[in-house]
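Since the structure comes first, as structure tokens, the remarks are kept for the end.
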Amino acid sequence: MGAITYDMEIPSSIPAAKMYKAVVLDSDTLIPKILPQAIKNVEILEGDGGVGTVKLIHFGEGSEYKSVKHRVDAIDTENLTHSYSIIEGDDALMGALESITYHIKIVPTEDGGSICKNRSIYHTKGDAEINEEKIKEGKERAMAMFKAIEAYLQANPDA
């Protein structure tokens, strides 16, 4: 099994703690509300939302994927970090991946905003090749989701 790592940073005008709450703590209800075409709903299969929780994410009708299972690997509200892995979902794992692990850290900026630092680690099956175009599409979807959350928080400051 090999691993391919990609890093991405997304700046935001939203304060770090508020962005972390929206992106991590409230995402299961917030994203289906603001992007129903991307994620229809999130169902907890095991756990209480903390480390070890397994969720079934049902994608919206606009998605090329049906669903994935996602496991919470780490969550640290004090340091604004979160790690999770996509552990099942043949279509999303492209048949070539064992799993995809995401490490998210929201960092405050001097101007009162934040930067979302996202590291994605694609764990391949054996010496399988992965489609770079699919990776690029996934990064673009993540950026669009983050920006949609940011726009929602800007439009709803009390949210």
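Using bins of 5 Å that start at zero, the share of Cα-Cα pairs per bin across segment 79-159 amounts to 3, 12, 18, 23, 16, 11, 9, 5, 2, 0, in whole %.
Among 126-132, 141-147, what's the highest-first ranking by average C-beta atoms within 10 angstrom per residue? Provide the component values of the computation, followed by the final result.
On the way: 126-132: 11.1, 141-147: 15.1.
The peptides rank, most packed first, as 141-147, 126-132.
Rounded to the nearest angstrom and ordered from largest down, what semi-axes does the equivalent ellipsoid of segment 9-62 get from its C-alpha gyration tensor (root of 5λ)?
On the way: eigenvalues 88, 58, 13 Å².
For segment 9-62, the ellipsoid semi-axes come out as 21, 17, 8 Å.
The distance between label points at Tyr102 and Ser27 comes to 0.4 nm (points 7 Å beyond Cα on the Cα→Cβ vector).
At 4 °C and a viscosity of 1.567 mPa s, what translational diffusion coefficient does Stokes-Einstein give for segment 107-154, taking Rh as the Kirkwood radius over Cα pairs? Give it in µm²/s as a whole number. Don't skip to the answer; put the middle values down first.
On the way: Rh = 13.2 Å.
D, rounded to a whole number, is 98 µm²/s.
For the chain, the share of alpha carbon pairs falling in successive 10 Å distance bins from zero is 11, 39, 39, 11, 1 percent.
Sort segment 16-98 into rounded, prolate or oblate with this rule: let a ≥ b ≥ c be the square roots of the eigenvalues of the Cα gyration tensor; rounded if a/c is under 1.5, and if a/c is not under 1.5, prolate when a/b is larger than b/c, oblate otherwise. Oblate, because a/c is 1.5 or more while a/b does not exceed b/c. Only aspartates and glutamates eight or more places from Lys40 in sequence, or on another chain, were considered; those with a Cα closer than 17 Å are Asp26, Asp28, Glu61, Glu64, Asp91.
Relative contact order for segment 1-105: what percent, with Cα pairs under 8 Å and sequence separation of 6 or more? If you can, show how the numbers build up before the last one.
Numbers: 160 pairs, mean separation 16.7, N = 105.
Here the relative contact order equals 16 percent.
Kindly flag which residue pairs out of Lys18/Lys134; Lys21/Lys117; Lys18/Lys147; Lys33/Lys117; Lys69/Lys147 have an alpha-carbon separation exceeding 21 Å in this structure. Listed pairs above 21 Å: Lys18/Lys134; Lys33/Lys117; Lys69/Lys147.
3J(HN,Hα) couplings calculated from phi for segment 52-62 with the Karplus curve 6.51 cos²θ - 1.76 cosθ + 1.60 (θ = phi - 60°) are, in sequence order, x, 4, 10, 10, 10, 9, 9, 7, x, 5, x Hz; Gly and Pro show x. Comparing Thr81, Thr29, Thr101 in a Gaussian network model of the chain, where Cα atoms under 10 Å apart are tied by springs, the biggest mean-square fluctuation is seen for Thr29. Protection proxy ranking of 7-13, 34-40, by the mean of other Cβ atoms within 10 Å over each peptide's residues and highest first, is 34-40, 7-13.
Grab the DSSP H runs of the chain that are 4 residues or longer, score each as -39,500 (n - 2.57), total them, divide by all residues and round the 222 nm result to the nearest 500 deg cm²/dmol. Before the final figure, lay out the partial values.
Numbers: 3 runs with 37 residues, N = 159.
-7500 deg cm²/dmol, from helical runs alone.
Between Asp48 and Ala159, what's the calculated FRET efficiency when r is the beta-carbon distance and R0 is 30 Å? Round to 0.05. Plugging the Cβ-Cβ distance into 1/(1 + (r/R0)^6) gives 0.80.
Overall, the chain carries a charge dipole of about 200 debye about its Cα centre when +1 sits on the Cβ of Lys and Arg and -1 on the Cβ of Asp and Glu, all other atoms neutral.
No value in this document is a laboratory result; all are computed from the given coordinates. The model shown is predicted, which means the values in this text are computed figures rather than measured ones. Please note: Cβ atoms are built from the backbone with ideal geometry, for glycine as well, and neighbour counts cover all protein chains shown.
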